[in-house]
Amino acid sequence: MNIKAPKGTKDILPNEMANWHFIEKTAEETFEKANFKEIRTPIFEDTNLFERGVGDTTDIVNKEMYSFEKSERSLTLRPENTAGVVRAYLEHNLYRESPPSKFWYFGPMFRYERPQAGRQRQFHQIGVEMFGIQDASADAEVIMLAVEFLKRLGLNDLTVEINSLGCSVCRKEYKEQLKKAISPFLNQLCEDCQSRFEKNPLRILDCKNENCNKLFEEYNLKSKISGIKLCDECSSHYEKLKLYLNALNIKYVENTFLVRGLDYYTKTVFEIKSNNLGSQNAVCGGGRYDGLVETLGGVHTPAVGWAMGVERLNALIPLIETKKIDYFVVSDNQLEAVKLTEKLRNKGFSAEFDYTSRKFAKQLEKAAKIAYKAIILGEDEINNGYLTVKDLQTSEQTKISFDKLIN
RNA sequence: GCGGGUAUCGCCAAGUGGUUAAGGCCUCGGAUUGUGGUUCCGAUAUUCGUGGGUUCGACUCCCACUACCCGCCCCA
């Protein structure tokens with residue numbers, strides 16, 4: 001067979017499922033505890049939703065969308081899920097419950113990109129979205145939740161980075177001042193930065209080019225940026241967030257260079273990075289998006305959320321061993337073996353029998369690989385109404401009456 | 001879209017112009033006709049990503065293509 005999984009997609013094989021279930025279960029427990037409710041939205045949406053929601057200057061919309069036409073309608077495999085959740089929130093009037101509305105989701109996302117370590121074309125995200133609260137306590141709530149989730153997954157060596165991009169008013173001012181600070185050495189910056197200067201100057205700050213970073217140092221860009229003032233409301237929001245994080249004992253690094261590639265973010269943005277991944281080291285990214293609900297046709301609704309890359313999380317979690325089954329029935333009488341297996345399953349045990357009635361040595365060999373215990377059901381057992389149960393870890397073997405095991 | 005790397009059994013691999021393409025793991029069978037995890041023995045690639053070319057001869061040299069991996073952009 002020469003058909004392979006498409007570039008950038010991966011099969012999740014049975015031996016990896018324990019890890020995925022662990023992540024999913026931990027997510028559910030963590031988020032439900034904080035009264036976030038799960039939501040599942042379609043995997044494809046109207047292309048328009050993403051163009052308007054994610055923003056048409058972003059790379060996601062410009063070059064990474066899987067779009068297709070059906071009945072003269074343009075649809076797109078979702079590249080992220082915030083826009084979809086907002087759409088559902090509006091479509092079903094979920095804003096009519098008393099705020100906040102809190103959601104979490106888990107599912108596949110699609111972006112047409114060149115795959116590399118930590119990046120696939122189909123990948124999975126776990127995310128939370130919280131609507132209706134303007135106060136920085138909401139920002140703190142979702143960051144706290146992210147940190148708690150990661151902690152429960154047993155992950156450490158992670159760094160929380162935060163920044164504020166300001167609101168629509170002060171961000172404009174911020175951009176202007178940033179451009180002013182950069183313009184003296186603009187012509188020495190890399191090609192990417194040159195094009196970013198007009199398109200989205202904020203992203204210049206995130207450039208990984210060594211020479212650019214040297215220039216930033218040389219011209220003292222960092223201190224110039226931190227000198228740029230947000231408006232009163234935005235800066236007090238940011239201060240308040242830090243106050244909350246400190247009170248919660250959440251360690252964070254302020255990174256004035258932190259910007260995000262999606263257009264909808266306002267005020268708070270944050271990322272959680274791992275020190276144990278390749279160059280795609282962001283495990284979680286998010287922020288506040290106070291304008292998005294309005295952009296998509298709702299009334300002004302403050303909102304904040306984040307998304308995590310499940311494959312990236314999984315890369316940090318050691319392989320969890322697949323659980324063995326409780327019983328493997330060893331027998332040369334398949335009819336009796338099936339009957340016993342069925343009874344065991346009805347009792348709530350996981351059980352299998354040998355389909356080939358090979359010699360006992362081979363059956364035991366198989367049993368030891370896949371089960372914790374073997375039940376030997378041979379001629380003697382059948383004739384005398386008992387079972388031999390063998391613990392495959394300790395090799396301990398006991399005779400037990402048929403009725404006792406089943407009842 | 002740009003740059004670099006790799007392609008030999010299900011997996012990990014040695015081979016590097018000359019008869020039958022090492023080895024290990026896994027799987028299956030036997031030693032052990034009712035007892036596994038140790039040990040021993042045996043089986044499993046007419047074939048080296050695909051298509052051309054060079055050569056008496058190519059897995060080994062050349063060309064093209066494809067796939068995958070890594071990095072940039074960007075993002076989870």
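The values are calculated or read from the model by the stated rules, or taken from the named source; none is laboratory data. None of these values were measured; they are calculated from a predicted model. For neighbour counting, all protein chains shown are included, and Cβ atoms are generated from backbone atoms with ideal geometry for every residue, glycine included. Side chains are part of the model used for accessible areas, which takes the heavy atoms of the whole protein and leaves out ligands, DNA and RNA. Shrake-Rupley method; radii C 1.70, N 1.55, O 1.52, S 1.80 Å.
Observations on the model:
- Per-region count, the range A:16-32, residues open to solvent by 40 Å² or more (accessible area, probe 1.4 Å) and under 23 Å from residue A:318 (Cβ atoms): 8
- Matching option when the condition is of a type in the set (A, V, I, L, M), over 18 Å from the mean Cα position of the chain (by Cα) and open to solvent by 60 Å² or more (accessible area, probe 1.4 Å), among A:49, A:13: A:13
- Qualifying positions in the range A:75-132 - surrounded by fewer than 23 Cβ atoms within 10 Å (Cβ to Cβ), within 14 Å of RNA strand B (Cβ to nearest atom) and charged (D, E, K, R): A:80, A:111, A:113, A:114, A:119, A:121
- Qualifying positions in the range A:1-27 - within 20 Å of residue A:123 (Cβ to Cβ) and either assigned to a loop (DSSP other than H, G, I, E, B) or free of Cβ contacts under 8 Å to residues at least 24 places away in the same chain (or both): A:4, A:5, A:6, A:7, A:8, A:9, A:10, A:11, A:12, A:13, A:21, A:25
- Total residues in the range A:382-393, condition at pLDDT 90 or above, within 6 Å of RNA strand B (Cβ to nearest atom) and surrounded by fewer than 17 Cβ atoms within 10 Å (Cβ to Cβ): 1
- Leading residue by the ranking (farthest from residue A:258 (Cα to Cα)) among those in the range A:171-180 that are basic (Lys, Arg) and surrounded by 14 or more Cβ atoms within 10 Å (Cβ to Cβ): A:179
- Selection within the range A:366-381 - open to solvent by 60 Å² or more (accessible area, probe 1.4 Å) and near RNA strand B (Cβ under 8 Å from one of its atoms): A:366, A:369, A:379, A:380
- Only listed residue being touching a residue at least 40 places away in the same chain (Cβ under 8 Å), more than 12 Å from RNA strand B (Cβ to nearest atom) and surrounded by fewer than 15 Cβ atoms within 10 Å (Cβ to Cβ), chosen from A:183, A:168: A:168
- When A:155, A:145 are screened for being surrounded by 14 or more Cβ atoms within 10 Å (Cβ to Cβ), farther than 21 Å from residue A:35 by Cβ and in contact with a helix residue (DSSP H, G or I) (Cβ under 8 Å, 6 or more places away or on another chain), only A:155 passes.
- The lone criterion from (1) within 12 Å of RNA strand B (Cβ to nearest atom); (2) within 23 Å of residue A:223 (Cα to Cα) left unmet by residue A:254 is number (1).
- Within the range A:107-137, the set of residues being among the hydrophobic types (A, V, I, L, M, F, W, C) and out of contact with any Gly (no Cβ under 8 Å at 6 or more places or on another chain) comprises A:109, A:110, A:126, A:131, A:133, A:136.
- Given (1) under 30 Å from residue A:119 (Cβ atoms); (2) exposed (fewer than 14 other Cβ atoms within 10 Å of the Cβ), index of the condition residue A:346 fails: (1)
- Qualifying residue in the range A:318-334 (condition: open to solvent by less than 10 Å² (accessible area, probe 1.4 Å) and either closer than 30 Å to residue A:88 by Cβ or within 20 Å of the chain's Cα centre (by Cα) (or both)): no
- Some residue of the range A:286-296 being closer than 17 Å to residue A:158 by Cα, buried (at least 24 other Cβ atoms within 10 Å of the Cβ) and touching a residue at least 24 places away in the same chain (Cβ under 8 Å): yes
For every residue, the table says whether it meets (1) basic (Lys, Arg); (2) surrounded by 13 or more Cβ atoms within 10 Å (Cβ to Cβ); (3) more than 16 Å from residue A:260 (Cβ to Cβ).
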site: A:205; (1), (2), (3): no, yes, no
site: A:209; (1), (2), (3): no, yes, yes
site: A:212; (1), (2), (3): no, yes, yes
site: A:215; (1), (2), (3): no, yes, yes
site: A:218; (1), (2), (3): no, no, yes
site: A:228; (1), (2), (3): no, yes, yes
site: A:233; (1), (2), (3): no, yes, yes
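- Exclusive hit being among the aromatic types (Phe, Trp, Tyr), assigned to a helix (DSSP H, G or I), more than 17 Å from the chain's Cα centre (by Cα) and under 23 Å from residue A:262 (Cβ atoms), set A:185, A:197: A:197
- For residue A:256: the one exception among (1) modelled with pLDDT under 85; (2) under 24 Å from the mean Cα position of the chain (by Cα): (2)
- The lone exception for residue A:37 - which of (1) closer than 19 Å to residue A:153 by Cα; (2) open to solvent by 60 Å² or more (accessible area, probe 1.4 Å); (3) not hydroxyl-bearing (Ser, Thr, Tyr) it fails: (1)
- Scanning the range A:186-203 for residues that are loosely packed, with under 14 Cβ neighbours inside 10 Å and closer than 30 Å to residue A:232 by Cβ yields A:198, A:199.
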